[in-house]
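The values are calculated or read from the model by the stated rules, or taken from the named source; none is laboratory data. Computed from a predicted structure; not experimentally measured. Quick reminder, even Gly has a Cβ in these numbers, built from the backbone with ideal geometry, and neighbours come from all protein chains shown.
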Amino acid sequence: MAQKIKVLQGDRILWGAILMLLMISLVAVSSAGGALSVRTGGNISGTFVKHIQNTIFGGFALFLGYNIPLAWIKKLTYPILGLSILLVIATLIYGKTTNDATRWLVLPLVGAIQTSELAKAALVIYLAAIADKYYNNAVLYEKHARIVHGVTVGVIAMIFIHNLSTAVLIYAIIITMMAITKLRTKLLIRFVSLTFIVAFGYSFIAQQLSPEIELPGRMDTWEKRFGLFFHPERYENESRQPDAAQINILEGAFNPAGPGKSTARYVLSQAQSDYIYALIIGEMSIFVGIFVLILYFVIFYRGVLIVQRSETVFPAFLALGFTLMITMQAFMHIAVTVGLGPVTGQPLPLVSMGGTSMLVSGFAMGVLLNASAKINMEEVQKRKKNQTTANPSTVSQTGLQTEQEYTQIDKLSEPTPKTNEISEQKTSENTEMQSYHTKHETVTEPEFSVTTKETDFYIKSNYTLNEDEQNSSHSYEPPKHTDFTNSNHTERVD
């Protein structure tokens with residue numbers, strides 16, 4: 001039972017970082033959500049209640065990822081991948097369109113889900129399973145890595161028209177995972193080059209045809225956002241949201257307005273999601289913003305430690321992929337918010353408001369904690385085994401609990417056949433010596449023996465007195481024998 005129920009096992013520092021981010025999320029979203037409700041004319045507490053529901057669902061996803069055996073995830077790799085691809089295709093056909101972006105699929109009894117988030121996690125699991133199966137064979141792994149890359153390009157091709165930033169993020173995660181493995185650098189360069197040539201070629205052709213046809217998806221939005229970042233003077237009308245976010249950061253960095261008191265939350269239309277980091281700094285100071293950034297660095301560092309400590313490929317790759325998925329998205333969000341990158345619309349993991357994002361992020365963190373708990377248990381068992389092997393007499397002090405470990409100790413404490421043989425031989429020697437002393441004192445016909453300890457070999461003989469010796473007045477003296485235990489072969493008298 002103790003092995004089935006795990007309560008806060010695993011990486012305690014990682015647990016702390018996750019809980020801290022969730023606490024900050026509740027404060028920030030409650031502030032931004034109140035302003036959103038006022039703008040939309042809804043209930044002020046409605047957005048906050050919805051976020052609490054999303055956080056609870058994220059907690060269930062974390063609990064699932066934390067307790068599900070990692071072997072089950074590996075066995076379900078292809079069903080998970082196939083289902084995510086089907087959902088992405090269904091989103092293109094039947095998805096809900098908002099602001100020219102078709103990203104959400106409305107399901108009965110579930111509501112709207114963002115299928116690109118599910119595809120992101122599915123591709124990480126897929127690559128981890130392929131690496132686990134073929135990692136020790138460089139030729140086969142390279143062959144199947146091409147297949148993984150092809151599947152990844154196919155998935156992001158369906159996503160990038162309506163969600164370019166998520167497509168780029170997925171591709172960056174998969175390529176980074178491949179770069180850490182045994183794949184040749186030339187092959188990775190070939191992958192990236194071909195992908196970008198196709199993507200930019202498609203974008204260039206679409207841009208050239210834009211006077212005659214309408215650009216698909218949000219390609220017009222891409223052009224404006226990239227133009228705003230590289231040539232802000234040409235797109236002044238498009239800079240309202242980024243400017244408001246940076247003004248909020250500058251005003252509240254060292255003079256925070258306090259939770260729920262900033263005016264920028266009424267200006268930022270996506271303060272609860274795309275610009276929540278700016279809201280955190282504006283209402284809670286730059287120090288809280290730096291603390292949030294440090295928490296993501298902690299997640300990255302602890303995730304790397306889990307990868308290094310793992311002795312099997314699948315948990316290591318799974319931990320690597322989910323660590324990159326959370327931290328790369330977080331750093332992308334923060335960079336956009338402070339003006340170091342073009343606007344992307346990526347939420348801040350575990351902090352921003354969003355149902356699918358919270359579910360996927362919670363599951364990813366649960367798998368990380370699951371892998372760390374498994375590694376900790378293996379290390380504890382290994383230490384107990386080493387201690388027991390070194391000193392079997394300290395069994396009661398090692399805290400062993402399983403029947404298998406007790407059986408192992410019993411086997412260690414049992415005497416070997418060789419030990420039994422030597423013990424019986426020494427017992428026979430003692431019996432022979434006692435018999436000799438008894439006969440020497442009471443019988444005129446003594447029985448004596450010579451013993452060599454080095455060989456455990458006994459020489460035994462009987463000596464009988466003849467008539468002359470019996471009639472002689474001289475007392476009996478036993479014959480002299482050589483002491484084989486003495487290296488100088490000196491004579492002694494028994």
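Any residue at all in region 386-408 that's under 30 Å from residue 124 (Cα atoms), modelled with pLDDT under 90 and touching a helix residue (DSSP H, G or I) at 6+ places or on another chain (Cβ under 6 Å)? Write out each step before concluding.
Of all residues in region 386-408, those under 30 Å from residue 124 (Cα atoms) come to none.
Within region 386-408, none of the residues are under 30 Å from residue 124 (Cα atoms), modelled with pLDDT under 90 and touching a helix residue (DSSP H, G or I) at 6+ places or on another chain (Cβ under 6 Å).
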Subset of region 261-300 that is touching a Ser or Thr at 6+ places or on another chain (Cβ under 9 Å) and hydroxyl-bearing (Ser, Thr, Tyr) - its residue that is modelled with the highest pLDDT:
296
Could you grab me the full set of residues in region 154-186 that are under 23 Å from residue 104 (Cβ atoms) and assigned to a loop (DSSP other than H, G, I, E, B)?
160, 161, 162, 163
Is at least one residue of region 275-284 among the hydroxyl-bearing types (Ser, Thr, Tyr), within 19 Å of residue 243 (Cβ to Cβ) and part of a helix (DSSP H, G or I)?
yes
With the checklist (1) under 20 Å from residue 346 (Cα atoms); (2) surrounded by fewer than 24 Cβ atoms within 10 Å (Cβ to Cβ); (3) modelled with pLDDT under 95 in hand, flag the one item residue 305 doesn't pass.
(1)
Of the residues 163, 136, only one is crowded, with 17+ Cβ neighbours inside 10 Å and either over 21 Å from residue 196 (Cβ atoms) or not hydrophobic (A, V, I, L, M, F, W, C) (or both); which?
163
Give the residues of region 129-150 that are within 24 Å of the chain's Cα centre (by Cα) and aliphatic (A, V, I, L, M), sorted by residue number.
129, 130, 131, 138, 145, 148
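One line per residue, one yes/no per condition, for (1) assigned to a loop (DSSP other than H, G, I, E, B); (2) under 23 Å from the mean Cα position of the chain (by Cα); (3) crowded, with 24+ Cβ neighbours inside 10 Å:
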position: 328; (1), (2), (3): no, yes, no
position: 332; (1), (2), (3): no, yes, no
position: 336; (1), (2), (3): no, no, yes
position: 351; (1), (2), (3): yes, yes, yes
position: 378; (1), (2), (3): no, yes, no
Within region 187-213, the residues that are surrounded by 12 or more Cβ atoms within 10 Å (Cβ to Cβ), modelled with pLDDT under 85 and part of a helix (DSSP H, G or I) are 198, 199, 202, 203, 206, 207
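For region 275-283, check the following and say yes or no: at least one residue is without any contact (Cβ under 8 Å) to a residue 40 or more places away in the chain and of a type in the set (Ser, Thr, Tyr).
No, the conditions are met nowhere in region 275-283.
Of the residues 244, 257, only one is of a type in the set (A, V, I, L, M, F, W, C), without any contact (Cβ under 8 Å) to a residue 40 or more places away in the chain and not in a helix (DSSP H, G or I); which?
Numbers: 244 fails: not in a helix (DSSP H, G or I).
Only one candidate qualifies: 257.
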Close pairs from region 47-70: first farther than 18 Å from residue 15 by Cβ and in the same structural domain as residue 112 (by TED's automatic domain parsing), partner surrounded by 15 or more Cβ atoms within 10 Å (Cβ to Cβ) and among the aromatic types (Phe, Trp, Tyr), Cβ under 9 Å, at least 6 apart
70/314
